[in-house]
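Written below as structure tokens is the structure these notes are about.
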Amino acid sequence: MKRLWFAIIFLIVTATLCTGEQLYIEDFYRDMSSQITAAEKALDSGNEKEFRSAEHELEEIWQQKNDLLYAVGEHHALDGIAVQIRSMPYGKGEEIKELHSLRAQLFAYYENEKISFPNIF
């Protein structure tokens with residue numbers, strides 16, 4: 001009976017950690033995606049100051065969340081995102097292309113880390 005309680009507690013802890021990880025990754029993806037959208041809108045309107053602010057916010061989000069992401073996520077995908085973020089500020093004329101690339105890398109990471117049947121098996 002004692003082993004059964006241990007197994008139940010272990011399953012509860014595991015489920016809690018997995019749920020926490022999923023919420024953290026979703027929050028990271030949502031924050032980064034909204035900042036990329038803000039940066040794209042600033043570029044479209046020609047507002048350099050707003051663009052630099054959104055770019056700085058992207059770096060801040062990354063600095064706040066990357067340690068835990070590396071603890072729970074796939075390192076290869078995170079390395080690509082890190083290179084993309086650390087290469088900011090982007091060169092003139094390359095900004096929109098780089099933002100699209102960053103968005104694509106973030107989406108691929110989010111999709112690969114999401115709990116789904118194909119990701120489990």
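The values are calculated or read from the model by the stated rules, or taken from the named source; none is laboratory data. These figures come from a predicted structure and were not determined experimentally. Cβ: placed from backbone, ideal geometry, glycine included. Neighbour counts: every protein chain shown. Surface areas here come from the heavy atoms of the whole protein model, side chains and all, with no ligands, DNA or RNA. Shrake-Rupley method; radii C 1.70, N 1.55, O 1.52, S 1.80 Å.
Scanning the stretch 76-109 for residues that are in a helix (DSSP H, G or I), open to solvent by 40 Å² or more (accessible area, probe 1.4 Å) and among the hydroxyl-bearing types (S, T, Y) gives a single hit, S101. Criterion applied to K49, K65 was being farther than 30 Å from L17 by Cβ and among the basic types (K, R), and the one residue passing it is K49.
Kindly check whether there is at least one residue in the stretch 33-43 that is of a type in the set (G, A, S), in contact (Cβ under 8 Å) with a residue 40 or more places away in the chain, in contact with a Phe, Trp or Tyr (Cβ under 9 Å, 6 or more places away or on another chain) and on the phi < 0 side of the Ramachandran plot. Yes, the stretch 33-43 contains at least one residue that is of a type in the set (G, A, S), in contact (Cβ under 8 Å) with a residue 40 or more places away in the chain, in contact with a Phe, Trp or Tyr (Cβ under 9 Å, 6 or more places away or on another chain) and on the phi < 0 side of the Ramachandran plot.
On the stretch given as the stretch 30-61, residues that are open to solvent by 50 Å² or more (accessible area, probe 1.4 Å), in a helix (DSSP H, G or I) and either charged (D, E, K, R) or more than 12 Å from L99 (Cα to Cα) (or both) total 13. Residues of the stretch 91-121 being touching a residue at least 12 places away in the same chain (Cβ under 8 Å) and within 20 Å of E50 (Cβ to Cβ), which ones? Scanning the stretch 91-121 gives E95, I96, E98, L99, L102, R103.
Taking K65, is it part of a helix (DSSP H, G or I), among the charged types (D, E, K, R) and open to solvent by 50 Å² or more (accessible area, probe 1.4 Å)? So K65 fails the test. When I12, I25 are checked against the criterion of being within 24 Å of S116 (Cα to Cα) and surrounded by fewer than 12 Cβ atoms within 10 Å (Cβ to Cβ), I12 stands alone in meeting it.
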